[in-house]
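Below: the structure, in structure tokens.
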Amino acid sequence: MSDLKVGDKVTGIYKTGKYAGEITDIRPEHYLVRVLAVLKHPMQGDLHNPKDIEVGFFHERRALAFREQANIPKKMVKPYNEEMPDYLESLKKAVLDMKESLKQDDSPWANQSLKNIETLEKDYFKQ
């Protein structure tokens, strides 16, 4: 078993997004992780049909919010030994990285994903 404990800084993958945060509870199959930074923005669209635009509903997938808690399977949680980035700065970088990656792909999925990300950006970073 793992030697992670409540209060430890960790990274966790949750529904295609990657986050840094801290463990707030330990459950039989999961760690409850409080999100403090976004390391990779979640992919857009249907989780069960990745990169497919021909689905009933093309989901807009938001990043988990600052201090939001998520049950993350234990096997998806690893220790995080770096300095914890600022949430908003990390979200900006994750969105920028995703947009750059999507611009390299001219598929219908990437184009729809870019539209979703641009809508999310307006909401995330409204002044």
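Bear in mind that the values in this text are calculations on the coordinates, not laboratory data. It should be emphasised that the depicted structure is a prediction, and the values quoted were computed from it without experimental measurement. We place every Cβ from the backbone using ideal geometry, glycine too, and count neighbours over all the protein chains shown.
Checking Lys92 against (1) closer than 20 Å to Leu32 by Cα; (2) surrounded by 15 or more Cβ atoms within 10 Å (Cβ to Cβ), which test does it fail?
(1)
Just for the range 65-79: of the residues that are of a type in the set (Lys, Arg) and in contact (Cβ under 8 Å) with a residue 12 or more places away in the chain, which one is nearest to Thr11 (Cα to Cα)?
Going through the qualifying residues, I end up with Lys78.
Taking the condition of being surrounded by fewer than 16 Cβ atoms within 10 Å (Cβ to Cβ) and hydrophobic (A, V, I, L, M, F, W, C), how many residues in the range 67-86 meet it?
2
Looking at the range 77-127, which of its residues are touching a Gly at 6+ places or on another chain (Cβ under 9 Å) and not charged (D, E, K, R)?
Val77, Tyr80, Met84, Ala94, Trp109, Gln112, Ser113, Asn116
Look at the range 63-89 and say how many of its residues are in contact with a His (Cβ under 9 Å, 6 or more places away or on another chain) and more than 14 Å from Ile23 (Cα to Cα).
1
Among the residues of the range 5-22 satisfying the criterion of being buried (at least 17 other Cβ atoms within 10 Å of the Cβ) and among the hydrophobic types (A, V, I, L, M, F, W, C), which is nearest to Pro73 (Cα to Cα)?
Result: Ile13.
Within the range 38-66, take every residue that is closer than 13 Å to Pro108 by Cβ and either buried (at least 21 other Cβ atoms within 10 Å of the Cβ) or of a type in the set (Gly, Ala, Ser) (or both) and give me the one that is farthest from the chain's Cα centre (by Cα).
Per the criteria, the residue is Gly45.
Under 6 Å by Cβ, and 6 or more places apart or on different chains, what pairs join a residue from the range 96-111 that is small (Gly, Ala, Ser) with one that is surrounded by 13 or more Cβ atoms within 10 Å (Cβ to Cβ)?
Pairs that qualify, where the first residue is small (Gly, Ala, Ser) and the partner is surrounded by 13 or more Cβ atoms within 10 Å (Cβ to Cβ), are Ala110/Leu102.
Within the range 23-35, count every residue that is buried (at least 19 other Cβ atoms within 10 Å of the Cβ) and either more than 20 Å from Asn81 (Cβ to Cβ) or touching a Lys or Arg at 6+ places or on another chain (Cβ under 9 Å) (or both).
The total comes to 3.
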